[in-house]
Each structure stands twice: as structure tokens, then as C-alpha cells.
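Take a look at the structure below.
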Amino acid sequence: MKSKEFEVRVMQYFTENINLQKNWEVAKECAREIIDLKFNDILTGNFEIPPTEELKDKVSGKVPYEFDSSDFMDKGPIDLSGLDGDMLNEALKKIEAIYNKFHQAQTMIVAKATKKVCSNLSDNVKQEISEIKKKYLS
């Protein structure tokens, strides 16, 4: 099998088995933490959503790392049964390297989702504050 075809099949497998709900929950959880920590800044109008790279650092430990070589060998799209020990180890290292790239991309997507959720939560807080001001200070 050609290297490019190998990579595509492996990446397709990881993409098909991604836990989107868990990643969405991570993004919401991180956004809530940020909003909670910066609530006073939102109230005073000094809140700025952290840059994506900073958010990536924040979410990186929470995005599940789900690579399991034995699971991949059992359920993966590539038959590795004919490989000897060294070839099998080399193939698994290559597959894990592909997964690491996939995980990094996944982490960046969660960071961007966190940024969007932060923006929405911040806007909601500002709108509620505006409504409270109208109701009690007008």
C-alpha cells in the first residue's frame, strides 16, 4: 500500500471515530471557566477573549487522547496481521504519529470552539447586564 493511501485510510478511521460530543463538552467547560474567572472584566467592559493559541494550551490537556494500538489493530482499516515484530512496531509508530497530528488538529478545533462559546457567553452576560440596568436604573 502506498504511503499516501495508508495515511488517508488511517486518518479516515480516526475521523470516523472522533468523539464530537466530548470535544464540544470540553469547549463549553473551558469557556465557562474563562467567563467565570473574567466575570468582573466582562462587567467593567475590559474582557478580551484570549487568543486561539492560549486557548489551545488551555484545552490541550482536556481533549481526550484516544489512541490505542491494540484497538487499532483489531478494528482499524488496515490489516497488520502479516507483519513481523519490527515491521509491526514501525507501522504502529507511523499510525500513532498520524494520530498525534490528528489530535493536534482536534485540539485546535476545540480551542476555536471555546473561543466562539466564550464570545457567546460574554455577549449574553453583557445583554443581561444591559437588561438589568434598564429595569432597575431607568
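The values are calculated or read from the model by the stated rules, or taken from the named source; none is laboratory data. These numbers were taken from a predicted model, which means no experiment stands behind them. Don't worry about glycine lacking a Cβ; one is built from the backbone with ideal geometry, like all the others, and counts go over all protein chains shown. The protein model used for the area step is the full one, side chains on, heavy atoms only, and it has no ligands, DNA or RNA in it. Shrake-Rupley method; radii C 1.70, N 1.55, O 1.52, S 1.80 Å.
Here are the numbers for this structure:
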read-out: Hypothetical label at Lys94: residues of region 1-33 whose amide nitrogen lies under 12 Å (7 Å Cα-Cβ projection); value: 1-10
read-out: Cα pair distances of region 20-138 binned at 10 Å [whole percent]; value: 12, 31, 21, 16, 10, 6, 3, 1
read-out: Extension gain (nm, one decimal) between Asp123 and Val8, 0.36 nm per residue minus Cα-Cα; value: 37.4 nm
read-out: Cβ-Cβ FRET estimate between Thr52 and Lys22, R0 fixed at 25 Å, reported to 0.05; value: 0.80
read-out: Label-point separation in nm, Tyr65 to Arg32, each point 7 Å along Cα→Cβ; value: 2.6 nm
read-out: Accessible solvent surface per residue of the chain, calculated while the other protein chains remain in place, 1.4 angstrom probe, Å²; value: 67 Å²
read-out: Phi to ³J(HN,Hα) by Karplus 6.51 cos²θ - 1.76 cosθ + 1.60 over region 21-29, Hz, x for Gly, Pro; value: 4, 5, 5, 5, 5, 4, 4, 5, 4
read-out: Using θ = phi - 60° and Karplus 6.51 cos²θ - 1.76 cosθ + 1.60, couplings along region 70-86 (whole Hz; Gly, Pro as x); value: 5, 5, 5, 5, 6, 10, x, x, 10, 7, 9, 5, x, 8, 7, x, 5
read-out: Accessible area of the chain belonging to carbon and sulfur atoms, whole % at 1.4 Å probe; value: 51 percent
read-out: GNM result for the chain, Cα springs below 10 Å: residue of Leu121, Leu83, Leu92 fluctuating most strongly; value: Leu83
read-out: Net charge of Cβ neighbours under 13 Å - reference Thr15; Lys, Arg +1; Asp, Glu -1; value: -1
